[in-house]
Amino acid sequence: MRTIRIEASRGYDVCVGPGLLKEAPGRLAALFPGARVMLVSDDRVFSLYGKTLLDDLAAAGTETETFVFPHGEKQKNLGTWGELLEALCRSGFTRADVVAALGGGVVGDLAGFAAAAYRRGIPFVQLPTTLLAAVDSSVGGKTGLDLAGGKNQVGAFYQPWLVLCDTETLATLPQEEVLGGSAEVVKYAMIGSEELMRTLEADPAAARSEKVIAACVEMKRDYVLADEFDTGCRQMLNFGHTFGHAAELLSDYRIPHGQAVAMGMAVMTRSAAEAGICSRETADRLLRLLQRLGLPETIPFPAEAVARAARSDKKAQGSRLTLIVPEGVGACRAETVDASELIAWLRRGGLT
Ligand SMILES: NC(=O)c1ccc[n+]([C@@H]2O[C@H](COP(=O)([O-])OP(=O)(O)OC[C@H]3O[C@@H](n4cnc5c(N)ncnc54)[C@H](O)[C@@H]3O)[C@@H](O)[C@H]2O)c1
């Protein structure tokens, strides 16, 4: 088991290793003596891990309530969020109680934003069960929801009190979800670690190992500590996301987040190689790795539609957008461009 300490506006431990869900009741009781726990999960994750966790919490003497909603990105909306807030209120939760998010990024983002808003903030812990949530969404305090006009358009920076990533839960992840999380791991390699890239090139399956998950959390910690509120270098973590979010939106969220990020990274890197910002070898290494992982290498929409959707991304500031552009493996830079230039970037990246 590895523990990474994040000293952000709230300090907390991120623990990564096998068997951590079994330890959760003891750790929660120690951190929040006498607190009740609202266990938030989606139907798939709850059916796999929810009952055992509730039994273990009861055995530890912890009172619980549950809020389970249908799985999928479409549930990360104001309606489900409102229902969770009403459930917290109905159950009489106070700031002495805890919200526990058991699941992937959808559960974590939704439960975290409810915890941030309910009574102006009650404690919450993340129990990530997807690779994507383990390496990315459960750490760093971004919480939020999608609106009809775009992804993550409303939310709050709200750090958790604890993150317990039980790596055993990754064994039941569908292949598609393993791939999505692997895309985020590739992202970390591209923005900051030649060593991680080499590890993945030697064995793409290493993306889901405890060692690699912990390495990604450490990288995320460094970005969060340097720029918790995402006004500077934390934007590097958006590599692949501007075009990726556009692809998600255009597919009506049928393209999962991680796959969309892979598409966005591939198009951006091809474009950067064409423009002479990075070498062709850099682009080839990324594309080869994505191919070996079984991840997509292009966006299945025309450049014009992607550019239009990208403009609605919340990272857009008026007609200006910040693109994260690779200069090599392990090195990216931020480039602010006018929205009118997006089509040229996308066409250079291979879109028609
Ligand atoms: N807050 C952040 O910093 C941040 C960062 C990256 C992504 N995100 C958000 O995260 C979301 C994507 O997260 P995700 O990919 O985890 O999606 P998800 O939460 O929808 O999970 C994907 C699917 O896997 C299932 N699942 C989860 N754990 C499982 C397990 N152990 N075994 C079997 N099935 C399991 C879920 O039921 C769901 O159907 C997006 O909404 C994205 O915007 C947030």
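Some points to look at:
- Projected label points at ALA156 and ASP43, each 7 Å from Cα along the beta carbon direction, are separated by 2.9 nanometres.
- Given R0 = 30 Å, the distance between the Cβ atoms of THR3 and GLU304 translates into a calculated FRET efficiency of 0.05.
- If you sort the three axes of the alpha carbon gyration tensor as a ≥ b ≥ c, you get a/c of 1.5 or more for the stretch 193-235 and a/b above b/c, which makes it prolate.
- Rounded to 5, the percent of DSSP beta bridges in the chain classed as antiparallel: 45 percent
- Too-long pairs where the Cα-Cα distance tops 22 Å, listed order kept, from LYS22/LYS76; LYS51/LYS74; LYS142/LYS187: LYS22/LYS76; LYS51/LYS74
- For the stretch 259-268, Karplus couplings with θ = phi - 60° (6.51, -1.76, 1.60), whole Hz, Gly/Pro x: 4, 5, 5, 4, 4, x, 5, 5, 5, 5
- Helical mean residue ellipticity (222 nm; -39500 (n - 2.57) per DSSP H run of 4+; nearest 500) of the chain: -13500 deg cm²/dmol
- Calculated FRET value between THR172 and THR352, using beta carbons and R₀ = 45 Å, to 0.05: 0.70
- Were the residues from LEU225 through GLU281 laid out at 0.36 nm apart, the gain over their Cα-Cα distance would be 17.0 nm.
- In order along the stretch 84-97, the phi-based Karplus estimate (6.51 cos²θ - 1.76 cosθ + 1.60, θ = phi - 60°) of 3J(HN,Hα) comes to 5, 4, 5, 5, 4, 5, 4, 7, x, 5, 10, 6, 8, 9 Hz; Gly and Pro are listed as x.
- Förster radius 30 Å - calculated FRET efficiency between ALA148 and ALA202 (Cβ-Cβ, nearest 0.05): 0.10
- Charge tally in the Cβ shell below 13 Å around LEU346, where Lys, Arg are +1 and Asp, Glu are -1, LEU346 excluded: +2
- Each residue of the stretch 277-285 is assigned a 3J(HN,Hα), and the resulting list reads 7, 10, 7, 5, 4, 4, 5, 4, 4 Hz, derived from the Karplus form 6.51 cos²θ - 1.76 cosθ + 1.60 (θ = phi - 60°), x at Gly and Pro.
- 1.4 Å probe accessible area per residue over the chain, in Å²: 39 Å²
- The H on the amide N of GLY144, modeled in the peptide plane, is under 5 Å from the matching H of LEU110, PHE113, ALA156, each at least 5 residues off or on a different chain.
- Protection proxy ranking for 162-174, 226-238, using the average of other Cβ atoms within 10 Å per residue and placing the highest first: 162-174, 226-238.
- Global form of the chain, assessed from the alpha-carbon gyration tensor, a/c cut-off 1.5: prolate
The values are calculated or read from the model by the stated rules, or taken from the named source; none is laboratory data. Fair warning: this is a prediction, and the values are worked out from it, not measured in the lab. For neighbour counting, all protein chains shown are included, and Cβ atoms are generated from backbone atoms with ideal geometry for every residue, glycine included. Ligands, DNA and RNA are excluded from the accessible area calculation, which covers all protein heavy atoms including side chains. Shrake-Rupley method; radii C 1.70, N 1.55, O 1.52, S 1.80 Å.
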